[in-house]
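*Asks:* What follows is a structure written as structure tokens; I'll ask about it next.
The values are calculated or read from the model by the stated rules, or taken from the named source; none is laboratory data. Fair warning: this is a prediction, and the values are worked out from it, not measured in the lab. Glycine gets a Cβ as well: all are built from the backbone with ideal geometry, and neighbour counts include every protein chain shown. Calculation scope for accessible area: heavy atoms of the full protein, side chains included, ligands and nucleic acids excluded. Shrake-Rupley method; radii C 1.70, N 1.55, O 1.52, S 1.80 Å.
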Amino acid sequence: MSNHLNLTAFLLILQCFFQPGHAQEITGSFDQSASVMVYGEQELSDGLIDAPVKVEVVGQEQIQKQQYQDLSETISGLPGVTTATTDRRAGSKSAMIQGFGENSVLVMIDGTPVSQNNSFGFDLTQIPTSDIEKVEVIKGGASSLYGSQAMGGVINVVTKKVAPKNKVDLEASGGWANQEGGGSRNIKIGVDRRIKKLGIKANFSHRDQDSFDLDPSTLAKDGADSTRQQANLKFQTKFRGRTYSVSGMYLRGKVLSQTSRPYSSSAFGASLNKTDNESKNFKLATEEKLGSGTLKTNLNYEINNDQLSLNDDPKTSFTETLKETRFEGRRVDIKYREFKVKDHSLTTGLLFTENIVDQETTTQAVPEVIIKTRDIENRSVKSYEGFVQDNFWVGDFEASPGVRYQYDKDFGAHVSPKVNISHYTDIGSVGLKTWLTVGTGYRAPSIKERFFTLDHSSVANYVVIGNQNLTPEESISFQIGEELRLSSIGKGTSLYGNLFLNKISNLIESVEREGDGNGRVFSYDNLDKVISRGVELGVKGELFKKLNLKLNGSYTETIDERTNLLLANRPLYAANFTAGYQFTDSFSAISTTSYTGNSFVDLDNKAISPAYMTTDLKFSYQVNKEFGTFFSINNLLDVTKDPTPDLVNPKVDNRPALGRNLFMGLRMTVL
């Protein structure tokens, strides 16, 4: 797909739907915030929401009632959004939106992209919910504001603001599993402090989980020992009309997993895999009113050190392979938001990024010989981007056309136009919103996909090899949907549907190569033409007094047009049903049932991971404003995957590893 075709499609959409005109007041009473599907408390005004784009929001109230512990749990119930466990790194989870994998989903914290927090990409489980105010999700690549990695969509974490009064928040919780091991412990601390005009906010969380095993008679364990820590510190003040913010975030994750490896024709031994990841992220930001708009600047620096230790030979006492990866990211971002030019509201910005990677492998076959190999030496990738996005009204129609320019030294320049269109109207007491979005996307191969060599032969017997001959992905995305607000039926009741079609050329996907029989060899390759298409449906609202219901479902098929086969590890069907009842002002209960359809786990569409359904029951009791407790029974029906056998190449099973488990805790605020 060329730039010329992308631009032609964009211009045709504009020509068909719009003629120049002056902005007019909306004739219907449909609230503009209808573009935001809020799960939980009322939408806040300080996120990334640009009105014509449909944004789904999980608020703090819902996060607390659902007892979500990390970012992966928070987004798992949204239609069209799934999380996938990274088999090559036990316990890690990545996001998938409408068939697009982790490399095409942009994760942001307070509007600033986070490049990665381990050598496989961004692990959603590393971000705890202790400092999350809300999570916003935009599906599809229809906004010019977010960049090339957002071909599949955007996940933006909005952190809590500094409280107006001094306070300390404490939370302690723990879990017990219905199998050997699997217990968990969590501690979260938040401190807010005001010193005149200076606001200070600090947060710390510590979470750990014990390994567990579905079949104690095998050496391979189904769950890993893990420890995750997060700390952040933020200073914010306002001086002469300008807001200054300095913040730092620290992430640490350790995982110890155990699988099995053959050391003779009929015997297996235990094999250990250790990962230790440390990430630091620093940000300096300013914001001020300038003319009719708002000027924002961000300076961002992040550094990540990742160690992967592998013990492939059960007979040895030393580590055969130690892979160390160091990642540095630098980012300068200037954005001028919502400045007025006659009847138009414009947002424009410039962005510079540089990523630097070093990777070294230490191997040891015998105690006396240690070999060090420099896999990647100070490899740098720079990119320059600029964008402009407009917003204007024509009668009841709201439009946001935009364009983004990107240049990097390896793949040259690219222009990606996009447009969002919404129509608001009323029919009696029913408010309607219709939206159409068309966006072109472009993503250059990442350093990981091009250069990494990752030997995971002790972790499900994988070896992953980079491919320096990859070419950039290009896409065009279409979304059309309708939302009905049915306030006459019940408080906050709405019904919506969304159709989507994504056409991708040169999609970068992990593919299996022919190996030597001792394990599986993977590399990255471009798939010439891929189509992702499907439908999302949902209904939510207070249909009965104190009873809130939410039901959504999606069908997504992602097809390689060369073979007419489905891509691996993408379930066709997903559904979620949540019923919440407020017994009293203090006591509430929520039941959530989730269904995930079966999926092929190979490119030949021969091996299948079965469908499954889980049910969680969660209870919350708020004693007073300062103290509350919570309790849950997760995976009530004890649905699990098959135990991992002692085999060279065990089959892939994406069903839950952790069975029925109890979870309880308490929250306390000290003023």
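*Asks:* Report, in degrees rounded to the nearest 10, the 0 to 90 angle that the Cα long axis of helix 3-17 makes with the longest principal axis of the chain.
*Replies:* With rounding to tens, the tilt is 40 degrees.
*Asks:* Can you give me the solvent accessible area of K221 with a 1.4 Å probe, rounded to the nearest 10 Å²?
*Replies:* Near enough 80 Å² of accessible area.
*Asks:* In what order, largest first, do E377, E473 sit by accessible area if the probe radius is 1.4 Å?
*Replies:* Order by accessible area, largest first: E377, E473.
*Asks:* Can you give the three extents of the C-alpha atoms in the stretch 620-667 along their principal axes, from longest to shortest, in whole Å?
*Replies:* That gives 55, 19, 14 Å along the principal axes, largest extent first.
*Asks:* If the limit is 19 Å between Cα atoms, which of K65/K433; K93/K254; K234/K335 go over it?
*Replies:* In this structure, K65/K433; K234/K335 lie more than 19 Å apart at Cα.
*Asks:* Please list 3J(HN,Hα) in residue order for the stretch 155-165, calculated via the Karplus relation 6.51 cos²θ - 1.76 cosθ + 1.60 where θ = phi - 60°; whole Hz, with x for glycine and proline.
*Replies:* Using θ = phi - 60°, the values come out as 10, 10, 9, 9, 7, 5, 7, 5, 5, x, 10 Hz.
*Asks:* Amide H of D70 versus every other amide H placed in the peptide plane: which residues, excluding those fewer than 5 positions away on the same chain, fall under 5 Å?
*Replies:* T129
*Asks:* Could you sort W176, W435 by their accessible area in this structure, using a 1.4 Å probe and putting the largest first?
*Replies:* Reading off the accessible areas and sorting them downward yields W176, W435.
*Asks:* Can you give me the orientation-averaged projected area of the convex hull built on the Cα atoms of the stretch 232-344, in nm²?
*Replies:* 11.6
*Asks:* Under a 5 Å amide H to amide H cut-off, with H placed in plane at 1.01 Å, what residues pair with L290 once short-range neighbours are removed?
*Replies:* Excluding prolines and chain starts, which carry no amide H, the hits are L295.
*Asks:* Only helical DSSP H runs with n ≥ 4 go in: add -39500 (n - 2.57) per run for the chain, normalise by residue count and round the 222 nm mean residue ellipticity to 500 deg cm²/dmol.
*Replies:* Using -39500 (n - 2.57) per qualifying helix, the result is -1000 deg cm²/dmol.
*Asks:* Can you list residues whose amide H is under 5 Å from A224's amide H, if they're 5+ apart or on another chain and H is modeled 1.01 Å from N?
*Replies:* Those qualifying (amide H under 5 Å, at least 5 residues apart or on another chain) are F212.
*Asks:* May I ask you to evaluate 6.51 cos²θ - 1.76 cosθ + 1.60, the Karplus curve with θ = phi - 60°, for each residue of the stretch 616-622 and list the ³J(HN,Hα) values in order in whole Hz, giving x for glycine and proline?
*Replies:* Values per residue, Gly and Pro as x: 10, 10, 9, 10, 10, 9, 9 Hz.
*Asks:* Go through M613, M96 and list them by solvent-accessible area, largest first, probe radius 1.4 Å.
*Replies:* M613, M96
*Asks:* Another one. Taking the Cα centre of the chain as the origin and placing charges on Cβ (Lys, Arg +1; Asp, Glu -1), which of F387, P79, V341 is farthest toward the positive end of the dipole?
*Replies:* Working it through, the farthest residue towards the positive pole turns out to be V341.
*Asks:* Dipole size in debye (nearest 20) for the chain around its Cα centre, Lys and Arg Cβ +1, Asp and Glu Cβ -1?
*Replies:* Rounded to the nearest 20 debye, it is 2180 debye.
*Asks:* Let me ask another. Can you run phi through the Karplus equation (6.51, -1.76, 1.60; θ = phi - 60°) for the stretch 283-293 and list ³J(HN,Hα) in whole Hz, with x for Gly and Pro?
*Replies:* Karplus values, whole Hz, x for Gly and Pro: 9, 10, 9, 10, 8, 8, 7, 9, x, 8, x.
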